[in-house]
1. Please indicate, with yes or no, whether at least one residue in the stretch 126-133 is assigned by TED's automatic domain parsing to the domain that holds V219, assigned to a loop (DSSP other than H, G, I, E, B), of a type in the set (A, V, I, L, M) and closer than 24 Å to E60 by Cα.
2. Given the residues D182, D201, D197, which is the only one that is acidic (D, E) and within 15 Å of ligand 1 (Cβ to nearest atom)?
3. Spot the failing condition for V109; the list is (1) in contact with a helix residue (DSSP H, G or I) (Cβ under 7 Å, 6 or more places away or on another chain); (2) under 16 Å from R275 (Cβ atoms); (3) surrounded by fewer than 23 Cβ atoms within 10 Å (Cβ to Cβ), and only one is missed.
4. Could you figure out which of (1) outside any loop (DSSP other than H, G, I, E, B); (2) farther than 15 Å from G147 by Cβ; (3) within 16 Å of ligand 3 (Cβ to nearest atom) isn't true of P216?
5. In the stretch 219-266, how many are surrounded by fewer than 20 Cβ atoms within 10 Å (Cβ to Cβ), part of a helix (DSSP H, G or I) and either of a type in the set (D, E, K, R) or within 16 Å of ligand 2 (Cβ to nearest atom) (or both)?
6. Any residue at all in the stretch 162-172 that is under 18 Å from W101 (Cβ atoms) and among the hydroxyl-bearing types (S, T, Y)?
7. Select, from S149, S160, the only residue that is touching a strand residue (DSSP E or B) at 6+ places or on another chain (Cβ under 9 Å), more than 28 Å from L42 (Cβ to Cβ) and within 12 Å of ligand 1 (Cβ to nearest atom).
8. If I222 satisfies every condition in (1) in contact (Cβ under 8 Å) with a residue 40 or more places away in the chain; (2) within 21 Å of the chain's Cα centre (by Cα); (3) over 25 Å from V49 (Cβ atoms) but one, which is the exception?
Amino acid sequence: MVPSISRRAFIKGGLAAAGTVAASGVPARAARLDERRQLATLLDISKCVGCEACVEACREVNEEKKPDPRKPFPKMYPPRVKVEDWSDKKDVSDRLTPYNWLFIQSAAVEIDGKEKTLTIPRRCMHCANPPCVKLCPWGAAQQLENGISRIDADICLGGSKCKAVCPWSIPQRQTGTGLYLDLLPSLAGNGVMYKCDRCYDRVADGELPACIEACPEGVQTIGPRPEIIKKAHQLAKETGGYIYGETENGGTNTIYVSPVPFETLNRQIEKGSGRPHLGSVAATMEQADKLVTAMLIAPFAGAIAAVGKYYKLFKSTKEEGAPNE
Ligand code: SF4
Ligand code: SF4
Ligand code: SF4
């Protein structure tokens, strides 16, 4: 049984853990993972019928990971830190939100002289060298050995750095939840950032991500990145199609093949907050200044990760009804 722990003990214990890790040092996180071990997905846009079965499956399977914020929200200082509350708009499914990690974008195009609407499933691209992971000051965003990037809701302070450095602004913030409430409710972050975690838990159990399993049209294929890249080129060659994701941001683990150029799709889709573009993207992490920043901030990442472990323990005891000072 987990021992009971008070709020004061949590802060004391968490800071002690942070100190130990900071003193021991942690490895810099700038290294790129072996691509042969990274799992990538191939999305054949020509097959998608926009039925949203994948969107529904994603919502259902990941229900327990979604935020349950505490209200009223603490007042933030400085007040420019924006409150973002999606808890009364959980049903929104036409953009990315903390409650909706996958949505369908549409583009009206012309193929062989005929008008057609293409539908494109959009979520985190799972970059091969993800800036959201490398530049998260607290180590809340992590990349697993198989290339999946995920944000640990128990460590994230909702500062939104991941969204700021993501070329597609994918992560979405929910205020009133997470570590900041128990640490510095008015001064640190402002919630937790959420995004597709490629169903890392299902994948670890040998299952398919829910969106892939639910698709009636077989739009997505998953496999080791080099194989998926090969398949994407084969498909593009056979169909006269175009590829997106192989080189964008230095390469991603989400590879789209489209029957029309991505410049055309990018012109036609609705873009903006929670609706990512399909334009060209330079390799963010190859910019030397950002790599240096990543290495400089790495020590804090281990420290806050240690606090996060204490937070998990703290939360579980609170849920069991432990007294809270
Ligand atoms: S698309 Fe954005 S959120 Fe996803 S891995 Fe890349 S940088 Fe991170
Ligand atoms: S991989 Fe999982 S979390 Fe990501 S969009 Fe698909 S179902 Fe949702
Ligand atoms: S389930 Fe498949 S066909 Fe339906 S919207 Fe999703 S990717 Fe497209």
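1. Narrowing the stretch 126-133 to residues assigned by TED's automatic domain parsing to the domain that holds V219: 126-133.
Checking the rest, the ones that are also assigned to a loop (DSSP other than H, G, I, E, B) come to 126, 128-130.
Going one step further and asking which of them are of a type in the set (A, V, I, L, M), we end up with 128.
Keeping just the survivors that are closer than 24 Å to E60 by Cα gives none.
For the stretch 126-133, residues assigned by TED's automatic domain parsing to the domain that holds V219, assigned to a loop (DSSP other than H, G, I, E, B), of a type in the set (A, V, I, L, M) and closer than 24 Å to E60 by Cα: absent.
2. On inspection, the qualifying residue turns out to be D197.
3. Every condition holds for V109 apart from (2).
4. Only one criterion in (1) outside any loop (DSSP other than H, G, I, E, B); (2) farther than 15 Å from G147 by Cβ; (3) within 16 Å of ligand 3 (Cβ to nearest atom) is unmet by P216, namely (1).
5. Residues flagged as surrounded by fewer than 20 Cβ atoms within 10 Å (Cβ to Cβ), part of a helix (DSSP H, G or I) and either of a type in the set (D, E, K, R) or within 16 Å of ligand 2 (Cβ to nearest atom) (or both) within the stretch 219-266 amount to 6.
6. Taking the stretch 162-172 as the starting set, the residues that turn out to be under 18 Å from W101 (Cβ atoms) are 162-163, 166-172.
Filter once more, so that each one left must be among the hydroxyl-bearing types (S, T, Y): 169.
For the stretch 162-172, residues under 18 Å from W101 (Cβ atoms) and among the hydroxyl-bearing types (S, T, Y): present.
7. Numbers: S149 fails: more than 28 Å from L42 (Cβ to Cβ).
None of the others qualify; the one that does is S160.
8. Single failed check for I222: (3).
The values are calculated or read from the model by the stated rules, or taken from the named source; none is laboratory data. This structure is a prediction, so every number in the text was calculated from the model and none was measured. All Cβ positions, glycine included, derive from the backbone under ideal geometry; neighbour counts span all protein chains shown.
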